[in-house]
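Each remark here refers to the structure printed beneath this line.
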Amino acid sequence: MKKSAYSLPIAALFTLSLAGCFGGEEETDTNPIIPVDSTKAAKKLSPGLYVGDYSPFDTTGSWESEFTLNLDGSFRFYWILRNEAIGDIKGKWFQKDSSLYFDDVTETFINQNSGFFVDGEVVEDDTNSVRDVTDSSFTRKEWTLMRQKPYWVSYKKKSFAQLKGGDYQYTRDIKVDDTTTLKVKIGISLDGTAFLYSYKEDTLESFQAAARWYQIGSIFGTEENRGRSFIDSLKKFDEWDTIPGALLQRIQDVSDTAFFMWSPGNVFSPGAWDVYNKIK
């Protein structure tokens, strides 16, 4: 997370309406996504986190998904485009034979102006076909982001290292001009479910944020976000401002001493993995 995550847009590459990935008004009773033979037995799906393989019909390798089926009957599905989460779908699931049912489904997509996930929308219940079910994999017939027709998408169970509590810091130099360079320090503190964020240029801390954090798979999320800026004229921080929605960012290479967080970039610089090292 950078200061820009709160103050500047995080641009999604496409404006998408993804209703139909789990179903939606475009489906009809004759759509091939609806199971034809509901009496055909299938092995029960094993709860856990699965990743989707879109390589057979996505030659760019840009699209990914992470699909969590929880033992309590809830699910969470993330659409990920070029390492940036752009869609968050959640609700309840259950399986009957070769049919996978979803209800109480809410879809939320990234707001291109703020970078946050706001204004979720309740969508219709849906049913998908599943086959080739094992303890660690299954294949699901679904609408993809390509949208031309439903595809059989393979899912494989995957485990992810979990972030541990502590204080982490990312440092970089920003060249202001030929003679001036600022050292930026971004701090993240994780204490239980409490999240604190600070942004410093040289020794001046100019921005702080607080939130409740969680990790699902490779997605680091914050909700109940608040932020405040330092007021130079008063030599103190302003009052906390509520920041609506959730911020979802991708992480990788999590260890006891560091983790990498994806920074989407902007029109001036490409996205990159920022390294946060544990300082205590």
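Figure legend. Inter-residue proximity from segment 157-168: first residues over 20 Å from residue 65 (Cβ atoms), second residues among the hydrophobic types (A, V, I, L, M, F, W, C) and loosely packed, with under 14 Cβ neighbours inside 10 Å, beta-carbon distance below 6 Å, spacing 6+ or different chains. Indicated pairs: 167/279. If we keep just the residues of segment 193-204 that are surrounded by fewer than 14 Cβ atoms within 10 Å (Cβ to Cβ) and not polar (S, T, N, Q), which is farthest from residue 254 (Cα to Cα)? That would be 204. The number of residues in segment 177-192 that are within 28 Å of the chain's Cα centre (by Cα) and surrounded by 13 or more Cβ atoms within 10 Å (Cβ to Cβ) comes to 7.
Is at least one residue of segment 46-60 modelled with pLDDT under 55 and at negative phi? Within segment 46-60, not a single residue is modelled with pLDDT under 55 and at negative phi. Applying a threshold of 8 Å to beta carbon distances and a minimum spacing of six or more residues, or different chains, the list of pairs starting in segment 172-192 at a residue that is part of a loop (DSSP other than H, G, I, E, B) and ending at one that is surrounded by 11 or more Cβ atoms within 10 Å (Cβ to Cβ) and of a type in the set (A, V, I, L, M) reads 176/182.
Scanning segment 232-252 for residues that are surrounded by 14 or more Cβ atoms within 10 Å (Cβ to Cβ) and either among the hydroxyl-bearing types (Ser, Thr, Tyr) or over 15 Å from the mean Cα position of the chain (by Cα) (or both) gives 237, 243. Mind checking whether some residue in segment 17-37 is within 17 Å of residue 133 (Cβ to Cβ), surrounded by fewer than 13 Cβ atoms within 10 Å (Cβ to Cβ) and at pLDDT 95 or above? There is no residue in segment 17-37 that is within 17 Å of residue 133 (Cβ to Cβ), surrounded by fewer than 13 Cβ atoms within 10 Å (Cβ to Cβ) and at pLDDT 95 or above. Scanning segment 244-280 for residues that are over 18 Å from residue 167 (Cα atoms) and hydroxyl-bearing (Ser, Thr, Tyr) returns 263, 269. Only one entry in 142, 205 is part of a strand (DSSP E or B), at pLDDT below 95 and farther than 21 Å from residue 87 by Cα, namely 205. Within segment 95-116, is there a residue that is in a loop (DSSP other than H, G, I, E, B) and aromatic (Phe, Trp, Tyr)? Scanning segment 95-116, I find at least one residue that is in a loop (DSSP other than H, G, I, E, B) and aromatic (Phe, Trp, Tyr), so the answer is yes. Between 79, 143, 63, 152, the distinction of being within 16 Å of the chain's Cα centre (by Cα) and over 21 Å from residue 222 (Cα atoms) belongs to 63 only. Residue-level check: of (1) loosely packed, with under 14 Cβ neighbours inside 10 Å; (2) at pLDDT 90 or above, residue 174 misses just (2). Residues that are in contact with a Cys (Cβ under 8 Å, 6 or more places away or on another chain) and either closer than 30 Å to residue 100 by Cβ or surrounded by 13 or more Cβ atoms within 10 Å (Cβ to Cβ) (or both) do occur in segment 126-143. Being out of contact with any Asp or Glu (no Cβ under 7 Å at 6 or more places or on another chain), at pLDDT 95 or above, of a type in the set (Gly, Ala, Ser) and surrounded by fewer than 17 Cβ atoms within 10 Å (Cβ to Cβ) is the requirement here; does residue 255 meet it? Judged against the criteria, residue 255 is a match. Whether a residue is within 30 Å of residue 157 (Cβ to Cβ), in a strand (DSSP E or B) and out of contact with any Gly (no Cβ under 7 Å at 6 or more places or on another chain) was assessed, and residue 223 passes this test. Among residues of segment 70-95 being modelled with pLDDT of 95 or more and basic (Lys, Arg), the one that is farthest from residue 133 (Cα to Cα) is 90. Given the structure, is residue 267 out of contact with any Phe, Trp or Tyr (no Cβ under 8 Å at 6 or more places or on another chain) and among the aliphatic types (A, V, I, L, M)? So residue 267 passes the test.
The values are calculated or read from the model by the stated rules, or taken from the named source; none is laboratory data. Since this is a predicted model, take the numbers as computed values, not measurements. Heads up, the Cβs are rebuilt from the backbone with ideal geometry, glycines too, and the neighbour counts pull from every protein chain shown.
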